[in-house]
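Single-structure report; data block below.
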Amino acid sequence: MVLGSTPFPWDKGFLGFYPRKMLPMSVLPFDDRDGVIWYDGSLVPWRDAKLHVLSHGLHYASCVFEGERVYNGKIFKLTEHTERLFTSARALGFDLPYSVAEIDDACRAVVEALEITDGYVRPVAWRGSEMMGVAAQETAIHVAAAVWPWPSYFSKEARLKGLRLKISPWARPAPNTAPTQTKAAGLYMICTLSKHDAENEGYDDALMFDWRGRIAEATGANIFFIRDGVLHTPVPDCFLDGITRRTVMALARKRGIDIVERAIQPEEMAEFEEAFLTGTAAEVTPISEIGAFRFTVGEITRNLMEDYDRLVRGEGA
């Protein structure tokens, strides 16, 4: 690797990529910053990490990515995320030109170079510009990893109060129409449409149903409901079985909380007492409202929030 000499002078208090209504005016655009990005084997100056306009990944969504968090200078479950990046790439029909260990090292190198204490890591892989058409067998595979400060996705006030979600007009696709168990870039077009629709009406996020009309997930996070001390969560048969989702389920089991994975119909939300989201960005974030349905930020949700915070900060097992 070639370590770039460009320093990383931006404000350590940078707030990250919040929902639009919470975005600080001083946030720098993502294409115009100091620092370095790991790009095809080397650390290059941030502003030089570019791709050609005719890259296949841009036109045909032949692109996969990961989202990871840095806590106290260490990436949480790094290898598990990297392995999923490889799984996503294989599902899209291409192999990454690096090993899992090399991608792990690349992510750590950027965190170290930028002196990130609490931040977000974005590894990404895409097909290049050697072919322009649906077929892309001869394209080169590019890989990059960027890191930026990101203390929290939602503000502390929003997390304690609970998020307001709109029910999205867009549905998650059936698993025979897309590789729904991957972090393939094309799948997130529906999430962007849903997120914009919700924020335009003053909500924090959107709840998406699947193609059958069952509850699926939010735009970038899995969802849990609580009734009579039991966790209920949709079966991830057409959306990502999140690493944070599995982590929180393990924490719940340590507390002796029963978990039921099942099909959940929208009308059942009237019977649930608590609800929360889980995800790398969202962590564990309570929900106060989904459309016409209301929830409290109760004891189980607060306990799981605290358990997760202790775990990622290295204070728990």
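Backbone geometry of segment 291-296 corresponds, through the Karplus equation with coefficients 6.51, -1.76 and 1.60 at θ = phi - 60°, to 3J(HN,Hα) couplings of x, 8, 9, 10, 9, 9 Hz, x marking Gly and Pro. Note on the chain: helix-only mean residue ellipticity at 222 nm, from DSSP H runs of 4+ residues weighted -39500 (n - 2.57) and normalised by residue number, equals -7500 deg cm²/dmol. Summarising the amide proton neighbourhood of VAL121: residues at separation of 5 or more, or on other chains, whose placed amide H is nearer than 5 Å comprise GLU68, ARG69, VAL70. A full extension of the chain between ASP32 and VAL260 corresponds to an added length of 77.5 nm, given 0.36 nm per residue minus the alpha carbon distance.
Compared with the dominant Cα axis of the chain, that is its longest principal axis, helix 188-199 is turned about 50°. Sorted on the mean count of surrounding Cβ atoms within 10 Å across their residues, most packed first, peptides 180-192, 281-293 read 281-293, 180-192.
Using the Cβ-Cβ distance between ASN200 and GLU268 with R0 set to 25 Å, the FRET efficiency from 1/(1 + (r/R0)^6) comes to roughly 0.35. Rounded to the nearest 10 degrees, the angle from helix 100-114 to the longest Cα principal axis of the chain is 90 degrees. The value for segment 20-149 of Rg(Cα) / (2.2 N^0.38 Å) is 1.08.
Scalar couplings 3J(HN,Hα) for segment 69-81, obtained by applying the Karplus form with A = 6.51, B = -1.76, C = 1.60 to θ = phi - 60°, are 10, 9, 10, 6, x, 10, 7, 6, 6, 4, 5, 4, 5 Hz; x denotes Gly and Pro. Between ALA174 and MET189, the simple spin-label model (points 7 angstrom out along Cα→Cβ) gives 1.9 nm.
To the nearest 10 degrees, how steeply does helix 243-254 sit against the main Cα axis of the chain, on a 0 to 90 scale? The angle comes out at about 40 degrees.
Taken together, the values in this text are just the output of simple stated rules run on the coordinates, not laboratory data. Everything numeric in this text was worked out from a predicted model, so none of it was measured. Because the Cβ atoms are built from the backbone with ideal geometry, glycine has one as well, and the counts that use them run over all protein chains shown.
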